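The values are calculated or read from the model by the stated rules, or taken from the named source; none is laboratory data. Quick caveat: nothing in here was measured; it's all calculated off a predicted structure. Positions of Cβ are backbone-derived with ideal geometry, glycine not excepted, and every protein chain shown enters the neighbour counts. Note: areas computed on protein heavy atoms with side chains; ligands, DNA, RNA excluded. Shrake-Rupley method; radii C 1.70, N 1.55, O 1.52, S 1.80 Å.
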Amino acid sequence: MDVDDASGNAGPAPAPARRSGVRTAVLLCAAAALTAGVIPASAQTHTQTRAGADPVVVVDCFSKAQVRPEEYLLACGDGNNQLVRLRWDSWGPRTATATGTDMVNDCRPYCAAGRFRAYPVTVTLADPQPWPGHPGTERFTTIRLLYTDTAPSPVPKDVTYKLVY
């Protein structure tokens, strides 16, 4: 069935189902972007030996290689979770360990009005793997957060996430 649009031209009738599908796809993409920074790690582990002398890196939200960063953004989509004041005790070919503070937005009553809360944490980077598109460079692919006091609700005191950048 053809209908007249605002210009008076006849055209196909709007497809509400198609608009609904596009709206759903846009919302799903936005939700994925907000959570793409970290996801729970799988139980799979890998062991590899380092081929080169370059240090293993951790890749940040902007696809930049970092070694011993003082800060590390965990929530790339909205910035509501960031590790700060990181002091690296070690940075080796298999693991890197630091102490610092996890600044987490409590999102109460909602994230834009929330307050950032400080949680002391021990950070361990592990599971180095080749960094796709960067020959000869390995990147850490998991991050373990061990909260030394309380953990932000509903996060457990000891949690490991897979780094997906």
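Would you work out what percent of the accessible area of the range 92-165, with all protein chains in place, is carbon or sulfur (probe 1.4 Å)?
Accessible surface attributable to carbon and sulfur in the range 92-165 totals 59 percent.
Based only on Cα atoms, what mean projected area does the convex hull of the range 68-165 have, in nm²?
Details: hull surface 26.3 nm².
Dividing the Cα hull surface by four gives the mean projection, 6.6 nm².
In the range 55-147, which chymotrypsin sites (Phe, Trp or Tyr not before Pro) are in a loop and have at most 16 other Cβ atoms within 10 Å, using DSSP for the loop call?
Numbers: sites: Phe62, Tyr72, Trp88, Trp91, Tyr110, Phe116, Phe140, Tyr147; in loops: Phe62, Tyr110.
The qualifying sites are Phe62, Tyr110.
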Once you put a point 7 Å from the Cα of Cys61 and another 7 Å from the Cα of Thr101, both along the Cβ direction, what distance in nm separates them? 1.8
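Please work out the FRET efficiency for the pair Asp158 and Tyr110, using the Cβ-Cβ distance as r and a Förster radius of 35 Å; give the result to the nearest 0.05. Write down the numbers at each step before the final one.
On the way: r = 28 Å, r/R0 = 0.81.
After rounding to 0.05, the efficiency reads 0.80.
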Looking at the range 61-165, which trypsin sites (Lys or Arg not before Pro) are DSSP coil and have at most 10 other C-beta atoms within 10 Å of their C-beta? Arg115
Estimated inter-spin distance, Val84 and Thr148, nm [label 7 Å along Cα→Cβ]: 1.7
Just to check I understand the Karplus step: with θ = phi - 60° and J = 6.51 cos²θ - 1.76 cosθ + 1.60, what whole-Hz values come out for the range 89-106, glycine and proline as x? 7, 8, 8, x, x, 10, 9, 9, 10, 9, 10, x, 10, 9, 8, 10, 6, 6
